[in-house]
1. Considering only C-alpha atoms, what is the centroid distance from the stretch 185-261 to the stretch 331-362, in Å?
2. For the ranges 158-167, 67-76, 210-219, 27-36, what's the packing order if you count other beta-carbon atoms within 10 Å of each residue, average per peptide, and put the highest first?
3. Order these by the 10 Å Cβ neighbour count, fewest first: Asp1, Asp43.
4. Please rank Phe157, Phe119, Phe331, fewest neighbouring Cβ atoms within 10 Å first, as an exposure proxy.
5. To the nearest 10 degrees, how steep is helix 246-256 against the longest Cα principal axis of the chain, on a 0 to 90 scale?
6. What is the sum of charges around Leu201, taking Lys and Arg as +1, Asp and Glu as -1, for the other residues whose C-beta is under 14 Å from the C-beta of Leu201?
7. Viscosity 1.306 mPa s, temperature 10 °C: give me the Stokes-Einstein translational D for the chain in µm²/s, with Rh taken as the Kirkwood radius over C-alpha pairs.
8. Would you be so kind as to identify which of Phe206, His135, Ala251 lies farthest towards the positive end of the dipole of the chain, taking Lys and Arg as +1 and Asp and Glu as -1 on Cβ and the Cα centre as origin?
Amino acid sequence: DKLTVNILNHEYDVHIGQETYGLFATHYAELFKSVDRIAIIADERVAALHLPLLQDSLEYTGLDVAVKHIPSGERSKTSEVYVDCLSFLLSKGFTRNSLLIAFGGGACGDLTGFVAATFMRGIRFIQCPTTILAHDSAVGGKTAINMPDGKNMVGSFHQPTAVLFDTTLFETLPPREVRSGMAELLKHAFISDEKWTNELLSTKSFAKPTIEWLSKELLLGIQVKANIVAEDEFEQSTRKYLNFGHTFGHAIEAACGFGKLSHGESIMIGMAYSLILSERHGSIDKNVTNQFIQFAQENGYTFGPVHMYSFQLLMDFMMKDKKASFGKLNFALLHTIGNPYIKEITQSECKDAFDELVKRTG
Ligand code: NAD
Ligand code: ZN
C-alpha cells in the first residue's frame, strides 16, 4: 500500500507493507542513478536484527553503501552523535549528490533527517522506519536533536525523498514500543474521526496487533498526518492539532526522566488529561474520558506518574515546552472526537484538570 504526501515542492511517497524494500529496485532505480554514495545511518539494535535485509535490497545499485551505527533509541539524538555522523560522511568523501537512509525508530529518523538537512546545506534522505511510532515521525519532515535543556531543541524542517515501511520488522518490537506507537495511532484517530476512534477503542488486541491489521491502520494514521502537513508544513495552524496529548504528555515524559516511560505511554496520559480539559472547554462527555482511561489501563498503560509528581513540577515542565510562548499554554483540545481546536488554558484551569485526573485514575 502507498500514499503520497503533497507538500509544495516536496512530493513523496510513503509505502507500507511487507517486503517493501524490494521497491528500491523497482520504483527507485532512477533516483539511485543520480546518487554517488549511500550511507545507512542505523540504530545499532535494529542493525543487529535486520541490517542485511536493507543492505541486500541496495546491492543492485552497485553503489558504495557505508554503514554508520548509532546508539539505539533516544541516546542517538545528541550533538555528539550528530557531529560524529557529519565527520563520518566527510571522511568517506560524501558530496551533495549523496543520499542517507535512516534505519531505526523515530529517534534515528530525527537524527538522520537533521544530518541530511545540514550536511553540505542539505542532501536527500530516505526514511526506513522500524517502529510503529515512526508512522508519525517519519512523515512530515520535522528533524531534530536534543540539548541538555530539552528535547528537540535544535532541528529543522527537511522532507524525506521517500518513506519505506517494512511491517515485518515490527515482529521484534518490545511490548512497550508497541504500546508507544499505538498511542500515537490513537491520537491520529482522536483528532480526525469519531467512528475510527471508537473502533480502535473496542479493539481487543490493541496492544498486540497483528501485522496485517496494523498495516491498514497505520496507513490511515499516516493519511491523517499527511493531510495535515500538506496543509500546514511549518506548524502555523492545523499542524498544532497533532500535539493533542503532548503538552501534558511531554511534561510527564520529562518528569519521569526520558526513557523511563516510552513517548507514547506518556502521550496516553497526556490524552486523558486533554480529554478532561475538553470536557470543560469542549463537548466531550465524561464517559468518553472514563472509558478511555479504563481502556488504557486494560492495555497495559500506566497512570502511575500522575500520582508521583506534584502539579507544580509538571507545570514547570509544561512552561519549558516549545509550545508554550510568552508564558501562555495552548492546548490542542477536542470540541467532539474528530474536531480538534487550539485553546489557551490558564494555570488554575490546568491545576483543576490535574486534580481531576488524579481522582479518576486513583
Ligand atoms: P526510538 O527510535 O527511540 O526506538 C525505541 C527503541 O526501539 C530503541 O531501543 C530501538 O533500538 C528499538 N527498536 C526500533 N525498531 C525496532 C525493531 N524493529 N525491533 C526491535 N527493536 C527496535 O523510538 P520511537 O518511538 O520510534 O521514536 C521516538 C522518537 O521519535 C522521539 O525522539 C520523538 O521525539 C521522535 N518523534 C518525532 C516526530 C517527528 O515528527 N519528527 C514525531 C513523533 C516522535
Ligand atoms: Zn508524539
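1. 17
2. Those peptides, ordered most packed to least, come out 158-167, 67-76, 210-219, 27-36.
3. Asp1, Asp43
4. In order of increasing Cβ crowding within 10 Å: Phe157, Phe119, Phe331.
5. The angle comes out at about 80 degrees.
6. -3
7. 76
8. Of the candidates, Ala251 comes out farthest on the positive side.
Only the coordinates and a few stated rules stand behind these numbers; no lab work does. This one's a predicted model, so the numbers in the text were calculated from it and none came from an experiment. Backbone-built Cβ (ideal geometry, glycine too); neighbour counts: all protein chains shown.
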